[in-house]
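Right, one structure below, let's go through it.
The values are calculated or read from the model by the stated rules, or taken from the named source; none is laboratory data. As the structure is a computational prediction, the values presented were derived from the model and not from experiment. Neighbour counts are summed over all protein chains in view; Cβ atoms, including those assigned to glycine, are modelled from backbone coordinates with ideal geometry.
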Amino acid sequence: EVQLLESGGGLVQPGGSLRLSCAASGFTFRSYDMSWARQAPGKGLEWVSFISGSGENTYYADSVKGRFTISRDNSKNTLYLQMNSLRAEDTAVYYCGLVYRQNWLDPWGQGTLVTVSS
Amino acid sequence: EIVMTQSPATLSVSPGERATLSCRASQSVSSNLAWYQQKPGQAPRLLIYDTSIRATAIPARFSGSGSGTEFTLTISSLQSEDFAIYYCQQYNNWPPYTFGQGTKLEIK
């Protein structure tokens, strides 16, 4: 069974940094592209970032470009999201997801809450 | 960036009845569209991909149709567990992947 488990969320001050992790199991991690998406409280879904299976290709939403960095460690079956220069509008539940055929996300992890507030 | 617009924002339907949810793209996405279901406090779950193909273990009462810019998710006979928020997502022209704002399906 494919499982994705996020961790690393929490309360951080504006301008601060946080690193999220997503531990993957149940599939050959290095063979699959992965993404991060987020959902602000009471709002809809927003795609954040994508990384190819090898880690060679990465893409970002304009809202996080230059501040967030996606990476992966295929030896540890783990996906990361390094978030710097955090803003109040980055407050959200962050989900990792397996990107199937570079198209849809399935499955999604359970999410980790990031709160940016002073 | 392709903008996805869902309607209505909220849909009130009685159990056992049919629900029809709409999703419109600002430009053609061919058949490259997925639907997700999200229940309170849970992660989104894939229902439909490539406009009309049900994901694994999704009941046959869920069906998708459309192409180009107009898409529909139909739930033929609503069960209590179907009341949730539904999102469409395009993957024809990315980055970015874009989602609709969601339709909340509530019990009438």
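Restricting attention to region A:22-43, which residues are within 13 Å of chain B (Cβ to nearest Cβ) and either part of a strand (DSSP E or B) or more than 16 Å from the chain's Cα centre (by Cα) (or both)?
Correct list: A:Cys22, A:Asp33, A:Met34, A:Ser35, A:Trp36, A:Ala37, A:Arg38, A:Gln39, A:Pro41, A:Gly42, A:Lys43.
A quick yes/no check of all residues on (1) over 22 Å from A:Gln102 (Cβ atoms); (2) at pLDDT below 95; (3) in a loop (DSSP other than H, G, I, E, B):
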{"position": "B:Glu1", "(1), (2), (3)": "no, no, yes"}
{"position": "B:Gln6", "(1), (2), (3)": "yes, no, no"}
{"position": "B:Leu21", "(1), (2), (3)": "yes, no, no"}
{"position": "B:Ser28", "(1), (2), (3)": "no, no, yes"}
{"position": "B:Gln42", "(1), (2), (3)": "yes, no, yes"}
{"position": "B:Leu47", "(1), (2), (3)": "no, no, no"}
{"position": "B:Thr51", "(1), (2), (3)": "no, no, yes"}
{"position": "B:Pro59", "(1), (2), (3)": "yes, no, yes"}
{"position": "B:Ser63", "(1), (2), (3)": "yes, no, no"}
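Of the conditions (1) crowded, with 16+ Cβ neighbours inside 10 Å; (2) without any contact (Cβ under 8 Å) to a residue 12 or more places away in the chain, A:Asn57 fails just one. Which one is it?
Among (1) crowded, with 16+ Cβ neighbours inside 10 Å; (2) without any contact (Cβ under 8 Å) to a residue 12 or more places away in the chain, the lone unmet condition for A:Asn57 is (1).
Out of the strands (runs of 3 or more DSSP E) lying entirely within region B:69-108, which hold 2 or more residues that are surrounded by 18 or more Cβ atoms within 10 Å (Cβ to Cβ) and either within 11 Å of chain A (Cβ to nearest Cβ) or aromatic (Phe, Trp, Tyr) (or both)?
Those strands (runs of 3 or more DSSP E) span B:85-90.
Which condition number does B:Ala60 fail, the rest of (1) surrounded by fewer than 16 Cβ atoms within 10 Å (Cβ to Cβ); (2) within 11 Å of another protein chain (Cβ to nearest Cβ) being met?
(2)
Identify, by number, the condition in (1) closer than 24 Å to B:Trp35 by Cα; (2) surrounded by fewer than 19 Cβ atoms within 10 Å (Cβ to Cβ); (3) in contact with a strand residue (DSSP E or B) (Cβ under 6 Å, 6 or more places away or on another chain); (4) among the hydroxyl-bearing types (Ser, Thr, Tyr) that A:Thr78 doesn't meet.
Going through the list (1) closer than 24 Å to B:Trp35 by Cα; (2) surrounded by fewer than 19 Cβ atoms within 10 Å (Cβ to Cβ); (3) in contact with a strand residue (DSSP E or B) (Cβ under 6 Å, 6 or more places away or on another chain); (4) among the hydroxyl-bearing types (Ser, Thr, Tyr), A:Thr78 breaks only (1).
I want to confirm something. Restricting to region A:64-118 and keeping residues that are among the acidic types (Asp, Glu) and over 13 Å from the mean Cα position of the chain (by Cα), which single residue is nearest to the other protein chains (Cβ to nearest Cβ)?
In this case the residue turns out to be A:Asp106.
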